[in-house]
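Asker: First the structure, which I've put down as structure tokens, then a few questions once you've had a look.
The values are calculated or read from the model by the stated rules, or taken from the named source; none is laboratory data. None of these values were measured; they are calculated from a predicted model. With ideal geometry, Cβ positions are generated from the backbone for all residues, glycine too; neighbour counts draw on all protein chains shown. Accessible surface areas use protein heavy atoms only, side chains included; no ligands, DNA or RNA. Shrake-Rupley method; radii C 1.70, N 1.55, O 1.52, S 1.80 Å.
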Amino acid sequence: MALSVQNLTKKYGEKVVVDNLSFEMNKPGVFALLGTNGAGKTTTIRIILGMLSYNSGKVLWDGKPFDAINMSVGYLAEERGLYPKYSLLDQLLYFAKLRNVPKKEAIKRIKYWSERLLVEEYVFPPKTRRGRNTKSNRAEQLSKGNQQKIQLMAALLADPQFLILDEPLSGLDPVNTDLFKQIIREEIAKEKYLIMSSHQMPTIEEFCSDIVILDRGKTVLQGNLNEIKKDYGRVNLFIKADKDINEHISQLGIKIQNKTPSEYHLKVQNEEQAMALLSKLIEEKIPVVKFELREPSLHEIFVEKVGNVHEDE
Amino acid sequence: MKMSNISGWKDVFNFTLVQTLKSKAFIIGYIIFVIFSLLIFPVMNYVLDKDTEDGGLIKIKSVHVFNETEIKNIDFDKISNLENVVNDLKFIPEDRNYEDVLEEIETEKEPSVALKISKDEGTYILHFTKSTGGIVKNAELELLGNAVKESFERAIIDYADISDAQLKVVKSQVTSRISTVGKEIDSEGNEIVVEDTSISYNDYWFLYGVIFALLMITIMASSKIATSIVMEKSSKVIEQLLISVKPLAIVVGKTLATLVAVLIQFISIIVLAFVSNKITSNAMSQQNGNVIENYINPEIVNNLGVDNILICLIIMALGIIFYSTLAALAGSTASRVEEMGESLSLFTIASLIGAYIGMGAAGSLMGMGDNPFVYFALIFPLSSPFILPGAVLLGKSSILITIISVILLIISIILLFNFTAKVYETLILHTGNRIKIKELFKMAKNSKEGQI
């Protein structure tokens, strides 16, 4: 089972919003769809889910045309959407019905997820003696975080095999962020296929194995995240010494990325250059407190790739 | 339009219908309509009963008659106890001074009036004078005046010594007929004449009322659908829905659910009104008989058969589907609720044009009878949903016209659905500036439906 997006192109008039995009998900896990605002991430997601038509290309699941309506799919949209005036239980049951979950099973799952996400008091509010709800059960009176939980419930109700999460952690407090992360880990453990779109690079690094970075509809980088980092090499040097080492750094022609009172963040051309600096400092008998050579972060890769394109223009 | 594009509409229908029926606006509106339907006839009967209490519509007890003409043989006895109108009314011939009698009327507790019968240049004048206290109403004097006039005319004929045969000749009606040269006689030898097909003033108002009521129902139902679509767009619920159903299924589900909700209200009102009329007629007042029959043209009452009611409901339902689809299309061009008024202008203009054509046709039906404009209004899909039900009840739409009209309406709905299918997918996820009509047609032209 795999998702295959082949040469996908979408135009609005003369404007190309997705330009010849191709990627594959051959195994369960999390695939990251990254890009600046307006890069075409949401359009790509909408095309995959069948909400939008496209000009050319293919979206296949297991070699057959992808059909979100008749497949096991869950979607947490970037812009949260709930009926503000209707009861939460009614709308969750509706979303479950649309995904062909029988009512009895849907209620069971809603109970499970509302307990898990700590929103049971809103979905199943206790009644007064007169049969009135003690708490509001309508979306319009919930906090943004709680609305997001209900939205995640709606995406998970059908226990989908393929899940798309568009900015799943935005606007959540640290406690709820951990709760969401735990649930995402559980879904990954169940061998599900996830596409995640986020601007929080540490989160992407935490979960994703493969990425594609889009910029104005064009693919600027794609592949396995570890391999991409390996290709970049260990070029980030974090060094801390007891004496001023500015002179030694400039002698070797190393670029200072950032400097704090106690530490340097240097960008070396290769590992040999870093080792040369270390040898020089030892030779000069300068005590080195910290010497850490590591690959670039996803954040740096993203800024470099997207920034480069913009600079070229 | 592919059938797969509307798969899942039943789930949308069920949810929308249940939420509509559960909504406070619907429940409150429904209760108001139910109360109105149940009370309308008892209230009307009560008002009529109040008017007729004390034995008749005319409460005047005595009429002081000053007859200054040569016609003295007026039969006032016939007027004194007219059924349901007058009870024990006394006509008192006066030889007293007119002014003195007027003073007496002013001070009398019992309602009385003065009647001066005079002649002025060949015209007989029946002049009633009432007190300033307002005990006697003008409406009573109009009724009494008509009754006295009838008796006075009879007295004039008697005075002139005209026999019944002569009277029959004098009273013979004169009518004009129109025929075309060479076509005066048909194959059976009968004279071909142009029939008077115009409707009465009351029928015109009936037709006008039906058109107006249907316009209100259509606007209410269609606006509700448009609001619901804009709300789903602005609240972004639509993205949650679109992974499970196609946009067209949402339109179909919503339209049919709103239609059912409207029909539930409408049929309940009609049934309750009939029940109310029946109970009121039987239990509360024997005197006024059936209230509906008293106020509506008997021909309409005769036409209120199951078949005609069914035809009217079908036309009404088709009209609501047609205009709701148009409203859904118009509503989807807006991204925010605030833009809805502007985006609905297409729907508003179309529905008003339809209703005005219907009203114009009703007017021309009263003035000229059947004419090409009326036929056009009856079959034109924008106007037929408004005028056809009333015309069917008045017997002013033949079976052929009704069938043509229904077929044209169905074709229009299919065409509109096809157009909607082409543009709706793009519209429903559109955010930003409102899409104009010109852009809609461009979208439909460029659409590649089924490419996904």
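Asker: So is B:Ser405 buried (at least 23 other Cβ atoms within 10 Å of the Cβ), hydroxyl-bearing (Ser, Thr, Tyr) and assigned by the TED database to the domain that holds B:Glu232 or not?
Answerer: yes
Asker: Out of everything in segment A:103-155 that is open to solvent by 40 Å² or more (accessible area, probe 1.4 Å) and within 16 Å of A:Leu169 (Cα to Cα), what residue ends up being nearest to the other protein chains (Cβ to nearest Cβ)?
Answerer: Restricting to residues being open to solvent by 40 Å² or more (accessible area, probe 1.4 Å) and within 16 Å of A:Leu169 (Cα to Cα), the top hit is A:Gln147.
Asker: Please name all residue pairs, on different chains or six or more residues apart, with Cβ atoms under 8 Å, provided the first residue is in segment B:1-25 and is among the acidic types (Asp, Glu) and the second residue is assigned to a helix (DSSP H, G or I).
Answerer: B:Asp11/A:Tyr94; B:Asp11/A:Lys97; B:Asp11/A:Leu98; B:Asp11/B:Gly253
Asker: Identify all residues within segment A:40-51 that are at the interface with another protein chain (Cβ under 7 Å from one of its Cβ atoms) and open to solvent by 10 Å² or more (accessible area, probe 1.4 Å); write none if there are none.
Answerer: Listed by number, the residues that qualify are A:Arg46, A:Gly50.
Asker: How about segment A:220-256: which of its residues are closer than 24 Å to A:Ala32 by Cβ and either β-branched (Val, Ile, Thr) or in a strand (DSSP E or B) (or both)?
Answerer: The answer is A:Val220, A:Leu221, A:Gln222, A:Gly223, A:Asn224, A:Ile228, A:Val235, A:Asn236.
Asker: Let me ask you something else. If you go through segment A:12-32 one residue at a time, do you hit one that is in contact with a Leu (Cβ under 9 Å, 6 or more places away or on another chain), more than 16 Å from A:Ile164 (Cβ to Cβ), loosely packed, with under 14 Cβ neighbours inside 10 Å and not basic (Lys, Arg)?
Answerer: Checking segment A:12-32: at least one residue is in contact with a Leu (Cβ under 9 Å, 6 or more places away or on another chain), more than 16 Å from A:Ile164 (Cβ to Cβ), loosely packed, with under 14 Cβ neighbours inside 10 Å and not basic (Lys, Arg).
Asker: Name the single residue, out of those in segment A:52-69 being within 14 Å of chain B (Cβ to nearest Cβ) and charged (D, E, K, R), that is most open to solvent (accessible area, probe 1.4 Å).
Answerer: A:Lys64
Asker: On the given criteria, is B:Glu94 without any contact (Cβ under 8 Å) to a residue 60 or more places away in the chain and either open to solvent by 80 Å² or more (accessible area, probe 1.4 Å) or polar (S, T, N, Q) (or both)?
Answerer: It is false that B:Glu94 is without any contact (Cβ under 8 Å) to a residue 60 or more places away in the chain and either open to solvent by 80 Å² or more (accessible area, probe 1.4 Å) or polar (S, T, N, Q) (or both).
Asker: Quick check on B:Ser172: is it exposed (fewer than 11 other Cβ atoms within 10 Å of the Cβ) and either closer than 30 Å to B:Glu299 by Cα or modelled with pLDDT under 80 (or both)?
Answerer: yes
Asker: Next question, about the same structure. Search segment B:421-437 for residues that are without any contact (Cβ under 8 Å) to a residue 24 or more places away in the chain and pair each with any residue that is open to solvent by less than 80 Å² (accessible area, probe 1.4 Å) when their beta-carbon atoms are under 6 Å apart and the residues are at least 6 apart or on different chains.
Answerer: Note: pairs meeting the criteria are B:Thr426/B:Met443.
Asker: Identify all residues within segment A:275-307 that are touching a residue at least 24 places away in the same chain (Cβ under 8 Å), more than 19 Å from A:Asp242 (Cβ to Cβ) and outside any strand (DSSP E or B); write none if there are none.
Answerer: A:Ala276, A:Glu295, A:Pro296, A:Ser297, A:Leu298, A:His299, A:Glu300, A:Ile301, A:Phe302, A:Lys305, A:Val306
Asker: Can you give me the number of residues within segment A:72-84 that are more than 8 Å from chain B (Cβ to nearest Cβ) and over 20 Å from A:Ile184 (Cβ atoms)?
Answerer: Going through segment A:72-84 one residue at a time, the tally reaches 0.
Asker: Being closer than 17 Å to B:Lys61 by Cα and aliphatic (A, V, I, L, M) is the requirement here; does B:Ala155 meet it?
Answerer: The answer is no for B:Ala155.
Asker: Taking B:Lys278, is it within 14 Å of chain A (Cβ to nearest Cβ) and in a helix (DSSP H, G or I)?
Answerer: no
Asker: Conditions first: (1) open to solvent by 20 Å² or more (accessible area, probe 1.4 Å); (2) at pLDDT below 90; (3) within 21 Å of B:Tyr204 (Cα to Cα). B:Leu394 passes all but one, so which condition is the exception?
Answerer: Single failed check for B:Leu394: (1).
Asker: Given the residues B:Gly367, B:Gly358, which is the only one that is away from every other protein chain (no Cβ under 14 Å), closer than 13 Å to B:Gly319 by Cβ and assigned to a helix (DSSP H, G or I)?
Answerer: Selected residue: B:Gly358, the only one of B:Gly367, B:Gly358 that is away from every other protein chain (no Cβ under 14 Å), closer than 13 Å to B:Gly319 by Cβ and assigned to a helix (DSSP H, G or I).
Asker: Can you tell me which condition A:Glu263 does not meet? The list is (1) open to solvent by 60 Å² or more (accessible area, probe 1.4 Å); (2) over 22 Å from A:His199 (Cβ atoms); (3) among the charged types (D, E, K, R), and all the others hold.
Answerer: Only one criterion is unmet by A:Glu263, namely (1).
Asker: Within segment B:371-391, which residues are over 19 Å from the mean Cα position of the chain (by Cα) and either surrounded by 20 or more Cβ atoms within 10 Å (Cβ to Cβ) or of a type in the set (A, V, I, L, M, F, W, C) (or both)?
Answerer: B:Phe373, B:Phe376, B:Ile379, B:Phe380, B:Pro381
Asker: Let me ask you something else. Can you say whether B:Thr431 is β-branched (Val, Ile, Thr), farther than 26 Å from B:Leu215 by Cβ, within 14 Å of chain A (Cβ to nearest Cβ) and open to solvent by 70 Å² or more (accessible area, probe 1.4 Å), as far as the supplied structure shows?
Answerer: Yes: the conditions hold for B:Thr431.
Asker: Being among the polar types (S, T, N, Q) and under 19 Å from B:Lys137 (Cα atoms) is the filter; apply it to segment B:97-126 and report the residue that is most open to solvent (accessible area, probe 1.4 Å).
Answerer: Step by step, filter segment B:97-126, then rank; the result is B:Thr107.
Asker: Further, regarding this structure: Quick check, is A:Arg99 more than 10 Å from chain B (Cβ to nearest Cβ), open to solvent by 30 Å² or more (accessible area, probe 1.4 Å) and within 27 Å of B:Thr227 (Cα to Cα)?
Answerer: no
Asker: Output the residues belonging to segment B:219-251 that are more than 14 Å from chain A (Cβ to nearest Cβ) and open to solvent by 10 Å² or more (accessible area, probe 1.4 Å).
Answerer: If the condition is that a residue be more than 14 Å from chain A (Cβ to nearest Cβ) and open to solvent by 10 Å² or more (accessible area, probe 1.4 Å), then B:Ile219, B:Met220, B:Ser223 are the ones that fit.
Asker: A further question on this structure: Being more than 17 Å from A:Leu165 (Cα to Cα) and open to solvent by 10 Å² or more (accessible area, probe 1.4 Å) is the filter here, so list the residues in segment A:70-93 that pass it.
Answerer: Passing the criteria: A:Asn70, A:Pro84, A:Lys85, A:Tyr86, A:Ser87, A:Leu89, A:Asp90, A:Leu93.
Asker: Exactly one of these conditions fails for A:Phe291: (1) under 26 Å from A:Lys305 (Cβ atoms); (2) under 33 Å from the mean Cα position of the chain (by Cα). Give me its number.
Answerer: That leaves (1) as the condition not met.
Asker: Further question: Any residue that is away from chain A (no Cβ under 14 Å), over 14 Å from B:Ile6 (Cβ atoms) and either modelled with pLDDT of 75 or more or crowded, with 20+ Cβ neighbours inside 10 Å (or both) - is there at least one of those in segment B:440-450?
Answerer: Yes, segment B:440-450 has at least one match.
Asker: Spot the failing condition for B:Gly289; the list is (1) under 22 Å from B:Val43 (Cβ atoms); (2) modelled with pLDDT under 85; (3) surrounded by 15 or more Cβ atoms within 10 Å (Cβ to Cβ), and only one is missed.
Answerer: (3)
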